[in-house]
Amino acid sequence: MTLSNTERRIIENSIRDIKDFPKQGIVFKDITTLLNDKEAYGVTMNHLYQRYKEYNLDFVAGIDARGFIFAAALAQMLGVGFVPIRKKGKLPYTTIGEKYSLEYGVDEVEIHIDAFSKIPSARVLLIDDLIATGGTANASAKLINQAGATCVEACFIVALSFLNAQEELRKTTPTYSLIEVK
């Protein structure tokens, strides 16, 4: 299932561009304007529900922090559990982690070691607001699989396709994005 042209325009028109944020030369895609636009957020969530309702998911995992907004709402709509994937040191119980490279250094995301233990071979959808270089998404998909589940797809509201991050991520899991910025 893909967005209609009308749905795509509604979502695209609700996302604000912020020039030179967080640093000079970057155009930041601000989804807070999508979230406070009831029509655009409704179109987004309805589309996600329609796309994933037949995937037989057991969980929706969201990447810290904006991915939580979409993942938790979709999990509720689908009647499945929500699992947070957080930056290192933010989860209170025993975790497993996956490191990924940044422009200058390394970062790490974590998941609770028992996040999927109630459902053997759990089917999990991974969601984040945006994929740029793909480091966090790749690490998150690998974590889902390491925790004993299967990441059936990684979904993004916006993909910066000119950075080609989805190509690398597809080695781990299929990907889908609502909006692509070329």
Quickly run through segment 143-156 and pick out the residues that are farther than 21 Å from K182 by Cβ and within 13 Å of the chain's Cα centre (by Cα). I144, C151, V152, E153
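For every residue, the table says whether it meets (1) among the small types (G, A, S); (2) surrounded by fewer than 19 Cβ atoms within 10 Å (Cβ to Cβ); (3) modelled with pLDDT under 95.
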residue: A75; (1), (2), (3): yes, no, no
residue: V83; (1), (2), (3): no, no, no
residue: T94; (1), (2), (3): no, yes, no
residue: D114; (1), (2), (3): no, yes, no
When the residues of segment 4-33 are filtered to those that are in contact with a strand residue (DSSP E or B) (Cβ under 6 Å, 6 or more places away or on another chain) and in a loop (DSSP other than H, G, I, E, B), which remaining residue is nearest to C151 (Cα to Cα)? I31
Among the residues of segment 143-170, which ones are surrounded by fewer than 18 Cβ atoms within 10 Å (Cβ to Cβ) and either touching a Leu at 6+ places or on another chain (Cβ under 6 Å) or at pLDDT 95 or above (or both)? N145, Q146, G148, T150, R170
Condition first: loosely packed, with under 13 Cβ neighbours inside 10 Å and aromatic (F, W, Y). Now tell me which residues in segment 1-55 satisfy that. F21
What are the residues in segment 1-33 that are over 20 Å from F68 (Cβ atoms), under 19 Å from the mean Cα position of the chain (by Cα) and touching a residue at least 24 places away in the same chain (Cβ under 8 Å), if any? M1, L3, R8, E12
Strands (runs of 3 or more DSSP E) enclosed by segment 34-142 - at least 1 residues per element that are among the polar types (S, T, N, Q) and either under 30 Å from R9 (Cβ atoms) or over 15 Å from the mean Cα position of the chain (by Cα) (or both): 95-102
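The values are calculated or read from the model by the stated rules, or taken from the named source; none is laboratory data. Since the structure is predicted, the reported quantities are computational estimates derived from the model, not experimental observations. Quick reminder, even Gly has a Cβ in these numbers, built from the backbone with ideal geometry, and neighbours come from all protein chains shown.
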